[in-house]
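Report on the structure given below.
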Amino acid sequence: MKRGSRSARAALLGFLLVAGTFLFGACGGGGGAGGSDETVNFGTVDWPEAIAKTNVASTIVDALGYQTKVQELGVPTVFQGLDTGDLDVFVEAWFPTMQTNYDEVDDVESVTTNLEQATFSIAVNQEACEAGVTSHEDLARFADRFEEGGTPTIYGLEPGNDGNKVVLDMIENDQYNLGGWKLVESSTNGMLSEVDRRLGDGEWVAWTGWEPHWMNNRYNMCLLEDPEEAWGGPSHVETLVNNEFPEQFPELYTFFEQMVVTPEIQRELIDGIDNSGLSPEEFALQWLRDNPEVTDNWLAGIEATDGTEGTEALRTYLEQ
């Protein structure tokens with residue numbers, strides 16, 4: 001066993017999942033073709049791309065006749081939930097930064113790489129980049145320009161996030177001479193609010209950034225080079241399921257094998273979640289109605305619970 005007491009972990013996880021359902025849960029009623037008593041439990045995290053892709057996927061699964069539940073949790077809890085079987089699917093597993101989470105679980109399977117091209121790194125504003133901050137190696141030379149309260153600062157995501165862990169490890173190990181820096185943990189929205197504040201005050205700013213995301217256009221920013229590969233190298237995104245999922249939901253397993261996105265689609269999903277003014281559920285419905293050529297490929301050869309072709313089941317569901 002790679003982990004500690006499984007029963008103790010499961011008990012703690014049960015509490016966290018109940019709390020997650022109460023605070024963040026979103027349920028589908030199996031309103032699609034036929035209807036099924038089987039529930040597909042999605043785990044997600046507080047990132048716009050994860051929220052968008054999860055709601056799009058859960059809406060399709062609902063249209064195919066299954067019950068669905070979405071729970072927003074921290075990254076470690078999502079992996080633990082997949083491992084214990086309390087969660088079924090996670091569609092936004094970033095690698096290689098989540099590799100340590102994956103290494104700590106036994107009963108989790110990767111279905112597919114759903115986004116092949118991605119980047120996760122420390123980002124800086126364009127003025128800093130033009131002044132010579134193009135690599136992690138350059139941060140220490142300009143530490144005074146990134147100070148907050150007298151300490152050079154990097155703004156990060158929610159506690160437990162894999163990107164935060166990379167930055168915290170760099171600080172702890174004095175990698176790139178960042179030993180005197182600090183990380184401010186928050187959320188995507190909280191982090192970008194700090195970016196807006198500092199830029200509005202004419203200051204430089206460093207934060208955990210990634211691509212695809214609309215932030216790259218909004219801030220005209222630079223994602224820093226990482227010659228020592230603290231971030232593990234180029235990124236990609238995978239869909240994960242618990243080990244029982246392929247046998248329990250064979251049609252859905254094939255659907256998730258086929259549900260892949262381009263950087264352009266991922267960027268569009270993120271922009272819609274953050275800037276459309278619609279709820280995640282409303283945006284998912286709108287996006288699915290506007291992109292039948294994408295979902296036709298995702299649902300090729302898939303049947304709903306009542307035997308209806310998956311593409312037809314989704315069209316009927318979206319017309320309701």
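The values are calculated or read from the model by the stated rules, or taken from the named source; none is laboratory data. Quick caveat, the model's predicted, so the values are computed rather than measured. Backbone-built Cβ (ideal geometry, glycine too); neighbour counts: all protein chains shown. When the accessible area is computed, the model is the full protein with side chains, heavy atoms only, and any ligands, DNA or RNA have been set aside. Shrake-Rupley method; radii C 1.70, N 1.55, O 1.52, S 1.80 Å.
Quick notes
- Taken along its three principal axes, the alpha carbon spread of the stretch 101-254 comes to 56, 32, 26 Å, from the longest extent down to the shortest.
- Trypsin sites (Lys or Arg not before Pro), loop per DSSP, at most 12 other Cβ atoms within 10 Å - longest free stretch of the chain: 4-320
- Simple rule: put +1 on each Lys or Arg Cβ and -1 on each Asp or Glu Cβ in the chain, find the dipole, and look at Gly81, Thr59, Ala313; the Cα lying farthest toward the positive end is Gly81.
- Using a Förster distance of 35 Å, the FRET efficiency for Glu109-Ala143 (Cβ separation, nearest 0.05): 0.20
- A Cβ-based charge dipole, computed about the Cα centre of the chain with Lys and Arg at +1 and Asp and Glu at -1, lands at about 640 debye.
- Volume per residue of the C-alpha convex hull in the stretch 133-173, rounded to whole Å³: 89
- Cubic angstrom per residue, convex hull over Cα atoms of the stretch 202-254: 143
- Quick note on the stretch 211-314: its Rg to Rh ratio, both from C-alpha atoms and Rh being the Kirkwood radius, is 1.05.
- Normalised by 2.2 N^0.38 Å, where N is the number of residues, the C-alpha radius of gyration of the stretch 131-199 stands at 1.07.
- Computed over the stretch 177-238, Cα set: Rg, Dmax in Å: 13.0, 38
- Cα pair distances in the chain, grouped into 10 Å bins until the bin that holds the longest one, percent each: 6, 26, 32, 22, 11, 3, 0
- Using a probe of 1.4 angstrom and keeping all protein chains present, the accessible surface of the chain works out to 41 square angstrom per residue.
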